[in-house]
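Structure record follows, encoded as C-alpha cells.
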Protein chains: 2
Amino acid sequence: MAAVSSNLDPEVAKRLRRNDAGLVPAIVQEHGTGQVLMMAWMNDEALHRTLTTGRATYWSRSRDELWIKGETSGHVQHVRSVAIDCDGDTLLVTVEQTGAACHTGEHTCFYTPLEVIR
Amino acid sequence: MAAVSSNLDPEVAKRLRRNDAGLVPAIVQEHGTGQVLMMAWMNDEALHRTLTTGRATYWSRSRDELWIKGETSGHVQHVRSVAIDCDGDTLLVTVEQTGAACHTGEHTCFYTPLEVIR
C-alpha cells in the first residue's frame, strides 16, 4: 500500500512495506532488560513521530487515531533506538518503559505462557 | 476469523485472535541473549507444531504453506517457551537459534537502524 501523507523522511518511507491498512507491526523491547513488552502498529506518521519526538507513538486500530503511548496512563515509552527488518515490513523499537507497558497493569503484555510439550 | 481445521488444543485456539488471513504474528526472541531475531506468522497448525515438536514452525505467506524454520537452511530454532499476549493477537516465541535467523545471513533480521533524532 502506498504511504498516506506524512512527515516521514522519504528515504525511510520508501523502505517500508505496509499491510493493506498502511501499517507495519512494531515490536517493543525494553532497554536494559531486553524484555519484549508489547506489539503495536505504526503508520508513516507514527513512525515519524517516534523517530523525532523520542516518545513511542503508534496507530490505534481500535480508535483509528495516533496514540502516544502513556499519554493518558502516564506509562510513557522513551525511545532509545528503532530498527527496520530485512524486508521492511516490521519495526523493532527499544524503549525505556515508565510503569507497565500492558493495559492490564502487567509489565509486559506477554505474561501468559502456553505449554510447550517436548 | 474462525480457526481452520488444525490439531491445536481447543483451549489455546479459542484464545487466539487471528487476522483476516487466519494468522497471528509471532515475535521470535533468542534465549540467553534476549535478542529479537525476526517476526513471522502462524496459523493454528503452525502454533500446534511449534508447541508439540519443539521446532519453530510458521506459515509462509509467500509460499502459502507450513514452514519449519531451518528445514532447508539448517538454521533451525529449538523452542524454549511460547507466550500469548493480553489480547490474544500476538505470540512471543523464545528459541535457541542455530546459525543465522535472517535469510541474509545476519543473525537477526533487525540489523538496520533508523536514525532517532532527539
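The values are calculated or read from the model by the stated rules, or taken from the named source; none is laboratory data. All values derive from a computational prediction rather than experimental measurement. Neighbour counts run over all protein chains shown; Cβ positions are idealised from the backbone, glycine included. Surface areas here come from the heavy atoms of the whole protein model, side chains and all, with no ligands, DNA or RNA. Shrake-Rupley method; radii C 1.70, N 1.55, O 1.52, S 1.80 Å.
Looking at A:ALA101, A:ALA83, which one is open to solvent by less than 30 Å² (accessible area, probe 1.4 Å) and assigned to a loop (DSSP other than H, G, I, E, B)?
Of A:ALA101, A:ALA83, the one residue that is open to solvent by less than 30 Å² (accessible area, probe 1.4 Å) and assigned to a loop (DSSP other than H, G, I, E, B) is A:ALA101.
Test B:TRP59 against the stated conditions and say whether it is of a type outside the set (S, T, N, Q), more than 9 Å from chain A (Cβ to nearest Cβ) and within 30 Å of A:THR104 (Cβ to Cβ).
Considered against the rule, which asks whether it is of a type outside the set (S, T, N, Q), more than 9 Å from chain A (Cβ to nearest Cβ) and within 30 Å of A:THR104 (Cβ to Cβ), B:TRP59 comes out as yes.
Does any residue of the range B:8-24 turn out to be under 20 Å from A:ILE117 (Cα atoms), in a strand (DSSP E or B) and under 14 Å from the mean Cα position of the chain (by Cα)?
no
Starting from residues that are open to solvent by less than 30 Å² (accessible area, probe 1.4 Å) and assigned to a strand (DSSP E or B), keep the ones in the range A:86-98 and report whichever is nearest to the other protein chains (Cβ to nearest Cβ).
The extreme case among them is A:LEU92.
Looking at A:GLU106 and the list (1) surrounded by fewer than 20 Cβ atoms within 10 Å (Cβ to Cβ); (2) within 9 Å of chain B (Cβ to nearest Cβ); (3) more than 23 Å from B:GLY34 (Cα to Cα), which single condition is not satisfied?
Of (1) surrounded by fewer than 20 Cβ atoms within 10 Å (Cβ to Cβ); (2) within 9 Å of chain B (Cβ to nearest Cβ); (3) more than 23 Å from B:GLY34 (Cα to Cα), only one is false for A:GLU106: (3).
Assess whether B:SER62 counts as being more than 9 Å from the chain's Cα centre (by Cα), open to solvent by 10 Å² or more (accessible area, probe 1.4 Å) and touching a residue at least 40 places away in the same chain (Cβ under 8 Å).
No; evaluated as a whole, the condition is false for this residue.
Does the range B:24-45 contain at least one residue that is closer than 17 Å to B:CYS109 by Cβ and without any contact (Cβ under 8 Å) to a residue 12 or more places away in the chain?
Scanning the range B:24-45, I find at least one residue that is closer than 17 Å to B:CYS109 by Cβ and without any contact (Cβ under 8 Å) to a residue 12 or more places away in the chain, so the answer is yes.
Could you check B:GLN35 against (1) under 15 Å from the mean Cα position of the chain (by Cα); (2) open to solvent by less than 40 Å² (accessible area, probe 1.4 Å) and say which number it fails?
(2)
Out of B:THR52, B:THR72, report the one residue that is open to solvent by 20 Å² or more (accessible area, probe 1.4 Å) and either in a helix (DSSP H, G or I) or at the interface with another protein chain (Cβ under 10 Å from one of its Cβ atoms) (or both).
That would be B:THR52, the only listed residue that is open to solvent by 20 Å² or more (accessible area, probe 1.4 Å) and either in a helix (DSSP H, G or I) or at the interface with another protein chain (Cβ under 10 Å from one of its Cβ atoms) (or both).
Run down A:ARG80, A:ARG17 and say which single residue is more than 11 Å from chain B (Cβ to nearest Cβ), out of contact with any helix residue (DSSP H, G or I) (no Cβ under 7 Å at 6 or more places or on another chain), touching a residue at least 40 places away in the same chain (Cβ under 8 Å) and under 30 Å from B:GLY105 (Cα atoms).
Answer to the selection: A:ARG17.
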